[in-house]
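The values are calculated or read from the model by the stated rules, or taken from the named source; none is laboratory data. Only a predicted model underlies this, so the values are computations on that prediction, with no experimental measurement involved. Glycine also receives a Cβ, built like all others from the backbone with ideal geometry; neighbour counts cover every protein chain displayed. Accessible surface areas use protein heavy atoms only, side chains included; no ligands, DNA or RNA. Shrake-Rupley method; radii C 1.70, N 1.55, O 1.52, S 1.80 Å.
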Amino acid sequence: MEQTGASVVITHQIKNGKQQAYEDWLNEIGPLCKSYPGNIDMHIIRPIAGLTFTYTVIIRFDTIANLKAWMESATRKRLIEKATSLFDGGDNYMIKSGLDFLFTTENEKGKIPVRWKQWLVTWSAIFPLSVLIPLLVLPILEILHFPHNRYLHALVISGTIVFIMVYMLMPYYTKLVKKWLYK
């Protein structure tokens with residue numbers, strides 16, 4: 001039986017001054033990806049203007065087979081070749097089923113904890129972030145004169161939480177609870 005639900009987390013470090021060309025490229029590749037069989041959704045976490053240059057793209061498909069079909073497709077390969085001059089680095093990505101990518105450590109490759117433990121660890125990490133991040137982000141948005149819009153605020157807050165979860169918190173948190181998590 002094929003495992004259902006698969007995600008790919010793609011990071012592209014973009015050369016300074018090439019952000020608009022990359023945005024144009026995203027507008028070209030995005031609809032093609034979304035129309036591919038089995039695509040569930042696609043989320044783009046954009047860099048902070050003037051501070052960072054990394055785009056993170058999270059794409060979900062219904063099956064690993066459909067995700068791999070997209071990632072290995074001639075269409076994607078052609079478009080990656082087209083965008084290579086924009087990258088300050090390569091086309092970096094990691095394919096996992098569900099949220100398993102949050103629970104893979106160097107010492108536990110191939111071993112995935114049971115779902116209820118994944119849920120509990122993820123929830124225990126997201127809850128404090130969902131309380132603290134709005135307290136930190138909303139004043140910054142006010143200072144930067146972002147329009148007061150709950151959808152825009154939710155977009156920035158959720159993007160910040162996901163960024164912290166994927167890149168900063170979960171790699172260390174899963175190591176901290178590793179014995180219990182993989183028991």
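Quick notes
- The residue pairs whose first member lies in segment 52-75 and is hydroxyl-bearing (Ser, Thr, Tyr), whose second member is assigned to a strand (DSSP E or B) and open to solvent by less than 20 Å² (accessible area, probe 1.4 Å), and whose beta carbons are closer than 6 Å, counting only pairs six or more residues apart or on different chains, are 55/12.
- Within segment 63-113, the residues that satisfy the criterion of being among the polar types (S, T, N, Q) and either at pLDDT 80 or above or closer than 17 Å to residue 25 by Cα (or both) are 63, 66, 73, 75, 84, 85, 92.
- If the condition is being open to solvent by 90 Å² or more (accessible area, probe 1.4 Å), more than 18 Å from residue 54 (Cβ to Cβ) and at pLDDT below 85, then segment 152-178 contributes 172, 175.
- Residue match in segment 14-33 (condition: under 24 Å from residue 157 (Cα atoms), modelled with pLDDT of 90 or more, out of contact with any His (no Cβ under 6 Å at 6 or more places or on another chain) and in a strand (DSSP E or B)): yes
- Looking across segment 49-95, the residues that are over 18 Å from residue 8 (Cα atoms), open to solvent by 30 Å² or more (accessible area, probe 1.4 Å) and not in a loop (DSSP other than H, G, I, E, B) come down to 78, 81, 82, 84, 85.
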